[in-house]
Amino acid sequence: MISALIIAKNEASHIERCVASLVGVADEILLLDTGSEDETVVLGQKAGATVHRTAWQGYAATKNYGHTLVQHPYVLSIDADEALSETLRTAILSQKPHLTGAYQMARKNYYCGKWIRFCGWYPDLKVRLYPKEKANWEGAYVHEQLVLDKEVTVHRLLGDLLHDSIASQADHVARAQTYAALAAEGMHARGKRFSYLKLWLSPLARFIRMYILQLGVLDGIAGWRVCLVSAKAVAWRYRALQGSRSKVQ
């Protein structure tokens, strides 16, 4: 038995697609809403989700709280702007009668009207189907990570987790700046020090890796934009770290 767990806030434009892709696959669809001011809750309920409201506790803590609410032993963790492809639905259903261990799936990102195939953004493997009693989300700031018990074997599922990630370059920049600030907080908390050398070289290295080594050039203009903003995000992170250092001096 599988419980789908969706963490959402102001996702009215995505939630129906997300929930619809889970119907028939999950035995329970729990929408954990963290303060939506739009129609997320109403649309999620109409699509077939059970809604529970909670205050935002951070990425990892909120997902771990969700574990305490779901009814079934296996959790399918999915973001509101994601949906299961038909191939992935079929793969999960084929495994459902004999689930064992955890399952990873490829995430395919839709960026400014184009599916990104390179840039290090695909296949972007994520473990999203797992036994809740043997898994825990960690990460105090950004990019939460699922930590599994050592004995848990991870299997690969066919199909894609379709991520309707970024609608415009301006949206990408705004998100990247937010995540950079959060990442800088984490770096500061871990005692990381600002370095002018890293400020200049790390963004360049990120761009070369994504655009050249990870073949972002093959994604055309969209690939160029993905790699450029990603490189700038590294610089923003170090600038934010520099600011954090200045505040305590």
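The values are calculated or read from the model by the stated rules, or taken from the named source; none is laboratory data. Please read all numbers here as calculations on a predicted model, not as lab measurements. Here the Cβ is made from the backbone with ideal geometry for all residues, glycine too, and neighbour counts use every protein chain on show.
Couple of notes before you dig in:
- Residue selected from the stretch 127-182 under the condition acidic (Asp, Glu), outside any loop (DSSP other than H, G, I, E, B) and farther than 28 Å from Leu241 by Cα, by the criterion nearest to the chain's Cα centre (by Cα): Asp164
- From Lys96, Lys108, Lys134, residue being buried (at least 16 other Cβ atoms within 10 Å of the Cβ) and at pLDDT 95 or above: Lys108
- Hits in the stretch 202-235 (condition: outside any helix (DSSP H, G or I) and not polar (S, T, N, Q)): Leu215
- Qualifying residue in the stretch 10-23 (condition: more than 21 Å from Leu84 (Cβ to Cβ), touching a Ser or Thr at 6+ places or on another chain (Cβ under 8 Å) and surrounded by fewer than 22 Cβ atoms within 10 Å (Cβ to Cβ)): yes
- Meets criteria (in the same structural domain as Thr100 (by TED's automatic domain parsing), modelled with pLDDT of 95 or more and in contact with a Ser or Thr (Cβ under 8 Å, 6 or more places away or on another chain)) for Ile78: no
- If you go through the stretch 151-172 and pick out every residue that is surrounded by fewer than 17 Cβ atoms within 10 Å (Cβ to Cβ), at pLDDT below 95 and not hydroxyl-bearing (Ser, Thr, Tyr), you end up with 4.
- Of all residues in the stretch 1-58, exactly one satisfies the criterion of being of a type in the set (Ser, Thr, Tyr), in a helix (DSSP H, G or I) and over 17 Å from Arg128 (Cβ atoms), namely Thr40.
- Residue in the stretch 69-77 that is under 15 Å from Arg128 (Cβ atoms), in contact with a Leu (Cβ under 9 Å, 6 or more places away or on another chain) and among the aromatic types (Phe, Trp, Tyr) present: yes
- Of all residues making up the stretch 24-35, the number that are more than 17 Å from the chain's Cα centre (by Cα) and surrounded by 24 or more Cβ atoms within 10 Å (Cβ to Cβ): 2
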